[in-house]
Amino acid sequence: MVQIIIFSILVISTFIYTFAKLIKENNSGYVYLLSLEFIGIIIDFIFIFIKKSPNLLILSFIYLVSVIIPVLFLILEKKNIYLDEIINIARSKNNKNELKKKLLLNIERRPNSYTSHKMLAKLYEENEEKEKAEGEYLKVININPKDYDTYCKLAEILHENKKEEESIQLLQNLLSTKPEFYKASKLLGNILYDNERYKEAIVVYNEALKYSPAEYELYYFLGMTYTMLNDFQNAREYYKKAATINSLKDISNLNLGQIYLIFREYDEAEKYFYECINCEDEKIQANGYLYLAKIQIIKKDLNKAIQYVNLAIEINPNAIKQVEDDYTFSIIIGKIKTQKSKEVQSKLTQKELETINHLGKTYDVVENLTYNIDLKQEEKERDY
């Protein structure tokens with residue numbers, strides 16, 4: 001019985017404190033808390049009246065609605081997160097104009113409202129008002145300096161607004177205090193990559209590997225970055241590690257096949273291209289068949305080359321342009337079947353497509369150089 005009385009004092013004290021906050025701040029959110037607390041008080045007094053102790057389940061419920069939930073929301077208020085704002089935002093989330101008005105009113109009433117500033121930033125971002133979104137995300141960080149996700153979001157906005165140095169500096173400052181934050185490392189590396197600062201990107205990705213050694217993306221990004229530096233030895237090693245970690249990422253197999261082709265290791269290249277033709281991404285499939293066709297041309301099996309090219313065009317009719325522009329296929333171009341255009345299913349990013357094209361062009365350059373060297377060698381041998 002003593003336990004119930006002590007608990008009752010705690011519940012009533014929480015109720016009185018919440019009621020005082022309601023009177024002082026005129027915050028409708030406290031009405032919901034008071035309602036929960038009142039339910040707990042009624043149940044508590046029923047057990048006092050009948051002189052019985054509640055079982056564990058009922059006692060847990062009373063604690064939850066009368067103490068735990070109210071105290072939780074009072075703690076959130078200390079972090080500038082308010083229940084009434086959350087409720088109002090939830091009610092208006094399907095009407096952007098109404099939501100914007102309520103958010104601005106909330107901010108006018110509470111300039112340091114974390115919830116309203118963050119929601120307003122997202123709203124501006126959705127409406128493509130990037131400068132305003134940038135300002136709001138900056139306010140969110142000032143209110144809560146430990147909201148690391150918002151640092152990344154602000155960096156993304158700065159990047160989109162072409163404020164590259166500010167974006168890079170923001171992420172570097174974040175990583176100096178939280179080096180293990182993978183999301184920031186990945187974003188910083190990608191921004192440096194997009195700005196063709198490949199050597200700096202490699203440093204960032206390698207630093208991230210110290211804290212996230214099992215992340216497929218880091219190895220793949222390193223592979224792409226070394227590719228753009230034409231360091232195909234290192235690129236090959238990182239693509240291999242990426243493919244080992246995540247065998248479903250068929251883009252790594254395609255890149256590996258292209259690199260082995262550059263090194264003229266045709267059997268190894270063929271192995272990876274065969275992996276590509278079994279994947280779900282149609283652009284990767286089509287590229288796999290085209291490269292297999294190239295290998296067959298090198299091996300003088302023109303019938304199989306024609307078969308592979310036709311399969312590539314059947315999967316991706318746009319591949320005909322690649323075939324027409326590539327001198328390798330000139331020997332079989334008359335036997336290629338065109339297809340009606342169709343929508344090709346692919347999840348390849350622009351960055352990945354650029355990497356595929358870069359490797360393709362590199363192979364063409366290497367093949368031309370090798371062909372010319374071989375031709376000169378043959379001429380030299382004939383002269384002897």
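Each value in this text was obtained by applying a stated rule to the coordinates, not by laboratory testing. This structure is a prediction, so every number in the text was calculated from the model and none was measured. Every residue, glycine as well, gets a Cβ built from its backbone with ideal geometry; the counts of neighbours run over all protein chains shown.
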What whole number of Å gives the distance from the Cα centroid of segment 215-243 to the Cα centroid of segment 346-360? 14 Å
Aspartates and glutamates near residue 118 by alpha-carbon distance under 13 Å, same-chain residues fewer than 8 away left out - which ones? 85, 126, 134, 136, 147, 149
Once fully extended, how much extra length lies between residue 207 and residue 366, figured as 0.36 nm per residue of separation less the alpha-carbon to alpha-carbon distance? 54.0 nm
If amide H atoms are modeled at 1.01 Å from N in the peptide plane, then the residues at a separation of 5 or more from residue 113, or on another chain, having amide H under 5 Å from its own are none
From the backbone phi of segment 279-289, what are the Karplus-calculated ³J(HN,Hα) couplings (6.51 cos²θ - 1.76 cosθ + 1.60, θ = phi - 60°) in whole Hz, Gly and Pro given as x? 8, 8, 6, 5, 5, 5, 4, 4, 4, x, 5
Burial-style ranking of 284-296, 125-137, average other-beta-carbon count within 10 Å with highest first, yields 284-296, 125-137
